[in-house]
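The values are calculated or read from the model by the stated rules, or taken from the named source; none is laboratory data. Not measured: the values here are computed from a predicted model. Quick reminder, even Gly has a Cβ in these numbers, built from the backbone with ideal geometry, and neighbours come from all protein chains shown. Accessible surface areas use protein heavy atoms only, side chains included; no ligands, DNA or RNA. Shrake-Rupley method; radii C 1.70, N 1.55, O 1.52, S 1.80 Å.
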Amino acid sequence: MNCRIAMPVLAACVVLLAACATAPAPLEGEYVALTPRDAAAGDHTGQVVRWGGRIVQTEPRDNSTCFEMISTELSAYGRPYWKDDADAGRFIACRQGFYDPAIFEPNREVTFTGRIEGYDQRMIGGFDYRFPRVAADVVYLWPVREYVDVLTYPAPWPWWGYW
């Protein structure tokens, strides 16, 4: 194949593959680069955010459901990214409707988009913690990650290779 033809084809393939690396449609948009820990330290009411993490508890109420979350940074796809044990603080996200605590169980990964509507003071053990509260527009529950252990065994013959 001619180099003049191969290079544009290769460039087009790279562009098409890069276009696949985006967040799910409900999570796309422009959001303030603000962590829940930073939001709790000041007053950022009204800011539009995209936060995610692991569920601590799910609290169904009369006409809404609130989620207490441990936040972490998000990947390019908008999925919570746990590269270490560091967290970005805690937050509460509330959305109209019923979300079943049996499905939205502790340690499931969720991403929310919405506005910071205020702050709640709650106890975590003996510590008084200030939670930013998000009025969620989107509640995106991620599928459970399946971890697979790949086991390799030595060849059944004493020499290496196929010859």
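Here are the numbers for the structure shown:
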{"quantity": "Distance histogram in 5 Å bins (all Cα pairs of segment 23-94, percent per bin)", "calculated": "3, 15, 24, 24, 22, 10, 2, 0"}
{"quantity": "Ranked by how many other beta carbons lie within 10 Å on average, peptides 36-46, 115-125 from highest", "calculated": "36-46, 115-125"}
{"quantity": "Separation of alpha-carbon centers, segment 86-147 and segment 33-83, rounded to whole Å", "calculated": "5 Å"}
{"quantity": "Proximal charge balance of residue 97 [Cβ under 14 Å; K/R count +1, D/E count -1]", "calculated": "-2"}
{"quantity": "Around residue 111: net Lys/Arg minus Asp/Glu count, Cβ-Cβ under 13 Å", "calculated": "+1"}
{"quantity": "Per residue solvent-accessible surface (Å²) - segment 51-152, probe of 1.4 Å", "calculated": "57 Å²"}
{"quantity": "Residue 75-residue 33 pseudo-label distance in nm [points 7 Å out on the Cα-to-Cβ vector]", "calculated": "2.1 nm"}
